[in-house]
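Undergrad: Mind having a look at this structure? Questions to follow.
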Amino acid sequence: MSYLIDGLQYANWSEKIFREMRAGGVDAVHVTITYHETFRETVLVIEQWNRWFEQFPDLIFQGRTADDVRRARETGRTAIFFGSQNPSCIEDDIGLVEVLHTLGLRFMQLTYNNQSLLASGCYEDDDTGLTRMGRQVVAEMNRVGLVVDMSHSGERSTFEAIEHSTRPITISHANPSSWHAALRNKSDDLLRALGKSGGFLGLSIYPHHLKDASQCTLQSWCDMAALAVDLVGAGQVGIGTDLCQDQPDSIVEWMRVGRWTKVIDYGEGSADNAGFPPMPDWFHDNRDLAGIRAGLRAAGLDETTTDGVMGDNWLKFFEQSFGAQSVP
């Protein structure tokens, strides 16, 4: 049986959710530990995760390498891999890239919707690409084994990250904009470039990224997955649900607003739809993840390709991404 890996979640973590992960047979999850938090605030979140690892050692443990996914399968647990959706955690200090990798961070987005010190976000009017610091930080991320994630970045910035990075990058949670034209989704040309570079796409189930939003059907989503496989490559597509289970609406406000504005920014929502949108009826929690398999087969994907999308592809990407870059 293939591995079952979710390439992005930001749930309101609890014993209930950890047990649902086990009930769903989920081998590994990339979890967001920080959005707009500073370095010290990010360390406090890691401390909380350390307590959960202590409290629930039979359910979860911290993942650092691809072998930890295999260990999770063998021991009936879920490996938790840390990621950041914003470079705020490194502040303006490139040295914190290595420090955070040592603490277990394995993914970092160069932007979260807005312009950052590193690149332009997908909501900016003018995408100026990677900044001077951005190019240096990408090189440092490549060196230590911290994955460059461009899920919330603008088009030019993402192209430049692909070109500048010496290791494959990821877009951990987004969909083709030709299927649904959300600002956060990615153009076919960009996804082809991602594929040619060896990069990786995680497909989102967050309703704002879906055709027909919360009413999107499993079959529509799986047909989109087949399109993504054609664009990026059969071995370079997985799932990054962007599941925000049990989070209060105050959290989506923090995600969108942080500390950068005094007014409410609705992001992908609106004043009439300001909170978290309801998930599609076929995906509410980790127990529903395995059920995507049948939809992928119905969309025409063969067994090997389906196994890859469900988790085997992420595992291979982890294997090539998390270790330090070899020096000739």
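Each value in this text was obtained by applying a stated rule to the coordinates, not by laboratory testing. This is a predicted model, so every value here is computed, not measured. Virtual Cβ from ideal backbone geometry, glycine too; neighbours counted across all protein chains shown.
Undergrad: If a/c stays under 1.5 just call it rounded; otherwise compare a/b with b/c (prolate if a/b is bigger, oblate if not). Do that for the range 49-159, with a ≥ b ≥ c from the square roots of the Cα gyration tensor eigenvalues. Spell out each step's value before the answer.
TA: Working: a/c = 2.54, a/b = 2.20, b/c = 1.15.
Verdict is prolate for the range 49-159.
Undergrad: Determine, for each peptide in 48-56, 126-134, 235-243, the mean count of other beta carbons within 10 angstrom over its residues, then list the peptides with the highest first.
TA: Details: 48-56: 13.2, 126-134: 16.8, 235-243: 25.4.
The most tightly packed comes first, giving 235-243, 126-134, 48-56.
Undergrad: With the Cα gyration tensor of the range 148-266 giving a ≥ b ≥ c as the square roots of its eigenvalues, does the rule (a/c under 1.5 for rounded; else a/b larger than b/c for prolate; else oblate) give rounded, prolate or oblate?
TA: Details: a/c = 2.09, a/b = 1.27, b/c = 1.65.
Oblate shape, in that a/c is at least 1.5 and b/c is the bigger or equal ratio.
Undergrad: Is the C-alpha gyration tensor of the chain telling us rounded, prolate or oblate? Criteria: a/c under 1.5 is rounded; beyond that, a/b larger than b/c is prolate, otherwise oblate.
TA: Numbers: a/c = 1.17, a/b = 1.09, b/c = 1.07.
Judged from the Cα gyration tensor, the chain comes out rounded (a/c under 1.5).
Undergrad: If one computes the Cα centroid of the range 279-328 and of the range 68-91, what distance in Å separates the two points?
TA: Value for the Cα centre distance between the two parts: 15 Å.
Undergrad: Looking only at G154, G121, G76, which one moves most when the chain is put into a Gaussian network model with springs between Cα atoms under 10 Å?
TA: Looking only at G154, G121, G76, the biggest GNM fluctuation is shown by G76.
Undergrad: In nm, to one decimal, how far is the N273 label point from the L44 one, both placed 7 Å along Cα→Cβ?
TA: Using points 7 Å along Cα→Cβ, the separation is 3.4 nm.
Undergrad: Given springs between every Cα pair under 10 Å in a Gaussian network model of the chain, which of W260, W282, W179 has the largest fluctuation?
TA: Looking only at W260, W282, W179, the largest GNM fluctuation is found for W260.
Undergrad: Rank by packing, highest mean first: peptides 265-272, 212-219, with packing defined as the count of other Cβ atoms within 10 Å averaged across residues.
TA: Working: 265-272: 13.0, 212-219: 15.1.
In decreasing order of mean packing, 265-272, 212-219 become 212-219, 265-272.
Undergrad: Now a separate question. With only Lys, Arg, Asp and Glu charged, each at its Cβ (+1 for the first two, -1 for the last two), find how big the charge dipole of the chain is about the Cα centre; round to the nearest 20 debye. Kindly include the intermediate steps, with their values, before the conclusion.
TA: Values: 28 positive and 45 negative charges, 123 e Å.
With only Lys, Arg, Asp and Glu charged at Cβ, the dipole is about 600 debye.
Undergrad: Same structure again: Quick check on the range 138-281: of the DSSP beta bridges with both residues there, what percent are antiparallel, nearest 5%?
TA: Values: 1 of 8 bridges.
Here the share of antiparallel DSSP bridges comes out near 10 percent.
Undergrad: Still on this structure, please answer the following. Excluding residues on the same chain fewer than 8 positions from K186, give the lysines whose Cα lies under 20 Å from its Cα.
TA: Partners within reach: K196, K211.
Undergrad: Quick one: compute the contact order of the range 47-92, relative version, from alpha carbon pairs under 8 angstrom and 6+ residues apart, as a percent. It would help to have the intermediate numbers written out before the result.
TA: Numbers: 29 pairs, mean separation 14.8, N = 46.
For the range 47-92, the relative contact order is 32 percent.
Undergrad: Only Cα pairs under 8 Å and at least 6 apart count here; give the relative contact order of the range 236-328 as a rounded whole percent.
TA: On the way: 47 pairs, mean separation 34.4, N = 93.
Computed over the range 236-328, the figure is 37 percent.
Undergrad: Evaluate the relative contact order of the chain (contact order divided by residue number), counting alpha-carbon pairs under 8 angstrom at least 6 apart; express in whole percent. Don't jump to the answer; show the numbers that get you there.
TA: Values: 673 pairs, mean separation 68.8, N = 328.
Reported as a whole number, the value is 21 percent.
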